[in-house]
Each structure stands twice: as C-alpha cells, then as structure tokens.
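The values are calculated or read from the model by the stated rules, or taken from the named source; none is laboratory data. Since the structure is predicted, the reported quantities are computational estimates derived from the model, not experimental observations. Cβ coordinates were reconstructed from backbone atoms using ideal geometry, including for glycine residues, and neighbour counts include every protein chain displayed. Side chains included, ligands, DNA and RNA excluded: accessible areas come from the protein's heavy atoms. Shrake-Rupley method; radii C 1.70, N 1.55, O 1.52, S 1.80 Å.
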Amino acid sequence: MARAWLLIIVAGLFETGFAVTLKLSQGFTRLWPTVGFCVFALASFGLLTLSLKKLEVGPAYAVWTGIGASGTAIYGMAFLGDLVSPLKIVSITLVIVGTVGLQLSGSAREPAPGGSGTAAAGKS
C-alpha cells in the first residue's frame, strides 16, 4: 500500500510537470516543451494507473490532482510570474491539507477476484 501511495505522489509531481510544460509549449507550437508534456503526461497517467491496482479511485484521484494543482500553482508563482496573494496561499494550503487527509483516510483495498475491486462489479 505504501508503494501505491508513493506512485501517486510521483504521478502528482509528473502532473505538475505536464501542466507547466503545456503552458511552456505555447499551444504545442514549441517542440521541446511539447515533447516534455508528452513524457510527463505518459509518466503521470502510467503511475496513476499502476497505483489504482491497490487504491480506491476517489481518494487516489483526489490526491493525484491535489498534488498536481498545488504543485502547478506553486511553480507558477515561483517561476512563471503568476500572481501571489494571501488567499491563493491559503487555498493551496487547504488543498494540501485535504490531500494529506485523504491519504491518511486508509483508502487501500484488496483487489477482488478478477481484478474488479468491488463486490458490485459485473452487475448491471
């Protein structure tokens, strides 16, 4: 389970990378930021996919997006000239606190037979 959460954290950092390189690609008109975007996006989604084999989708996705959103906002303020305000800092802090709370909520699960992960899987 700890490995799955580590994968989520790294995937969230790669999400920050793909958001930043998306901005730097200027609408996919600059080659290297576009290549970086593709690499970061594939790594991020790949690690998210691997982690979902052991984690519930709701908390895992929330943590992944929380890390990505917070990391992107912090990077933008630190390196891209994005506006820094007390409300933005408080909001990012709340996202981080919520992300940690979800991670601590104990959202690991044992995969169900057949890899579905839920008792209701396969019912329509």
Among all residue pairs at least 6 apart or on different chains, which show Cβ distances below 8 Å where the first residue, located in region 4-30, is in contact (Cβ under 8 Å) with a residue 24 or more places away in the chain and the second is among the basic types (Lys, Arg)? Ala4/Lys53; Ala4/Lys54
Options Thr16, Thr29: the member that is at negative phi, under 10 Å from the mean Cα position of the chain (by Cα) and of a type outside the set (A, V, I, L, M, F, W, C): Thr16
Quick check: anything in region 84-94 out of contact with any strand residue (DSSP E or B) (no Cβ under 6 Å at 6 or more places or on another chain), surrounded by 16 or more Cβ atoms within 10 Å (Cβ to Cβ) and outside any loop (DSSP other than H, G, I, E, B)? yes
Give region 1-33 a look and list any residue that's part of a helix (DSSP H, G or I) and either touching a Lys or Arg at 6+ places or on another chain (Cβ under 9 Å) or over 20 Å from Ala73 (Cα atoms) (or both), or say none. Ala2, Arg3, Ala4, Trp5, Leu6, Leu7, Leu24, Leu31, Trp32, Pro33
Subset of region 37-58 [closer than 10 Å to Ile8 by Cα, open to solvent by 20 Å² or more (accessible area, probe 1.4 Å) and either of a type in the set (Lys, Arg) or at pLDDT below 95 (or both)]: none
For the subset of region 63-83 comprising residues that are among the hydrophobic types (A, V, I, L, M, F, W, C) and in contact with a Leu (Cβ under 9 Å, 6 or more places away or on another chain), which member is most open to solvent (accessible area, probe 1.4 Å)? Leu80
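From the list Thr49, Thr65, Thr29, which one is within 17 Å of Gln103 (Cβ to Cβ), of a type outside the set (A, V, I, L, M) and out of contact with any Phe, Trp or Tyr (no Cβ under 9 Å at 6 or more places or on another chain)?
On the way: Thr49 fails: within 17 Å of Gln103 (Cβ to Cβ); Thr29 fails: within 17 Å of Gln103 (Cβ to Cβ).
Going through Thr49, Thr65, Thr29 in turn, the sole match is Thr65.
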